[in-house]
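S.K.: Below are the structure tokens for one structure; questions will follow.
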Amino acid sequence: MFGGLFTFSYLCRRFDNIKASVSGKRSMMESIDDKQLTAQVQDTKTRRRAFEQAVRQYSEQLYWQVRRIVLTHEDSNDVVQNAFLKAWNSLDSFHGESKFLTWLSRIAINEALDFKRRQKLRSTLSTDDDDMQAVARQLEADRYFDGDEVEAQLQAAIDQLPDVQRTVFQLRYYDEMKYSEISHITGTSEGALKASYHIAVKKITEFFKHTD
């Protein structure tokens with residue numbers, strides 16, 4: 001149904017420019033009438049066209065949210081496609097309590113976290129240090145990764161955080177998202193998210209102190 005819309009090759013750009021890229025896309029998204037889109041996806045007469053519009057408008061932002069969790073380009077494509085398909089099949093459960101993009105982000109991020117859990121279950125690595133080095137090597141081997149060694153180590157450190165800490169750090173640091181929006185995505189209170197963010201920052205800072 002949406003096969004022609006899932007074209008993500010144009011998204012492959014410098015991985016160390018993620019923050020600037022997403023920030024620029026947010027400026028464009030501010031002109032989108034999310035309320036109108038929400039109304040249209042809830043109306044069976046306009047649902048399909050509205051959803052296709054959402055795919056075009058939100059694909060890149062969701063791609064980067066997923067990419068920072070699953071890390072590789074090919075896996076990110078698969079996860080985002082699965083997220084959109086799940087969202088389409090679950091539209092009847094969307095009642096407009098949050099922004100439509102926030103609802104899509106929740107689905108995409110949960111899909112990405114589930115993918116990581118399955119991936120870790122298949123992993124034969126035994127220690128955290130091994131995990132970090134393996135993640136860094138995985139990134140550096142990805143032909144779409146154009147960051148340097150520091151960026152690879154940063155992503156490896158983030159990858160070791162518990163799910164909530166990793167999610168809140170990425171959405172705050174890269175997307176500059178408000179805690180209220182992150183709360184809708186994660187189902188976690190704003191107070192707990194703030195605490196998780198500061199713990200994540202501390203852990204990442206400690207990681208780089210030990211690698212100096």
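The values are calculated or read from the model by the stated rules, or taken from the named source; none is laboratory data. Keep in mind it's a predicted model, so treat the numbers as computed, not measured. No Cβ is skipped: glycine too gets one built from the backbone with ideal geometry, and neighbour counts run over all protein chains shown.
S.K.: Give me the residue from the range 179-212 that is among the charged types (D, E, K, R) and part of a helix (DSSP H, G or I) and, out of that set, surrounded by the most Cβ atoms within 10 Å (Cβ to Cβ).
M.R.: If we filter the range 179-212 for residues that are among the charged types (D, E, K, R), which is where we start, we get 181, 190, 194, 202-203, 206, 209, 212.
After this cut, where a residue has to be part of a helix (DSSP H, G or I) as well, the list is 181, 190, 194, 202-203, 206, 209.
Details: Glu181: 18, Glu190: 13, Lys194: 14, Lys202: 11, Lys203: 16, Glu206: 11, Lys209: 8.
The residue in question is Glu181.
S.K.: Also, quick follow-up: Which of the residues belonging to the range 56-106 are of a type in the set (Val, Ile, Thr), modelled with pLDDT of 90 or more and surrounded by fewer than 19 Cβ atoms within 10 Å (Cβ to Cβ)?
M.R.: Matches in the range 56-106: Thr102 only.
S.K.: Within the bounds of the range 127-135, is there any residue that is of a type in the set (A, V, I, L, M), in a helix (DSSP H, G or I), at negative phi and at pLDDT 85 or above?
M.R.: Looking for residues that are of a type in the set (A, V, I, L, M), in a helix (DSSP H, G or I), at negative phi and at pLDDT 85 or above, one finds none in the range 127-135, hence no.
S.K.: Quick check, is Ser31 at pLDDT below 90, within 30 Å of Ala157 (Cβ to Cβ) and surrounded by fewer than 16 Cβ atoms within 10 Å (Cβ to Cβ)?
M.R.: So Ser31 does not fit the description; no.
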